[in-house]
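Everything below concerns the one structure shown next.
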Amino acid sequence: MQPKYGLLKIGDCILANNNSQIPQQDLRKIFRAIQYNFFLITAKWKERFNVSEIKFFC
């Protein structure tokens, strides 16, 4: 099982779970990759689900 992340409106992300026990050092690298690609990720989400706006939990 992969770790689950949540995207935040401010361009950051949070870890929802790490059931696969990925080491902290590797998690930090994954966090940075998500943060650096936030705008690409959200653009692809909008394209995939054909929406103009994304509603964030936080």
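Answer yes if at least one residue in region 40-58 is part of a strand (DSSP E or B) and either surrounded by 10 or more Cβ atoms within 10 Å (Cβ to Cβ) or at pLDDT 90 or above (or both), and no otherwise.
No: region 40-58 contains no residue that is part of a strand (DSSP E or B) and either surrounded by 10 or more Cβ atoms within 10 Å (Cβ to Cβ) or at pLDDT 90 or above (or both).
Can Phe31 be described as touching a Gly at 6+ places or on another chain (Cβ under 8 Å), surrounded by 12 or more Cβ atoms within 10 Å (Cβ to Cβ) and among the aromatic types (Phe, Trp, Tyr)?
No; evaluated as a whole, the condition is false for this residue.
Enumerate the pairs (first residue in region 1-23 and in a loop (DSSP other than H, G, I, E, B) and of a type in the set (Gly, Ala, Ser); second residue anywhere and surrounded by 14 or more Cβ atoms within 10 Å (Cβ to Cβ) and at pLDDT below 90) with beta-carbon separation below 7 Å, excluding pairs fewer than 6 apart on the same chain, so at least 6 apart or on different chains.
Ser20/Pro3
The values are calculated or read from the model by the stated rules, or taken from the named source; none is laboratory data. The structure presented is a predicted model; accordingly, all values stated were derived computationally and were not measured. Heads up, the Cβs are rebuilt from the backbone with ideal geometry, glycines too, and the neighbour counts pull from every protein chain shown.
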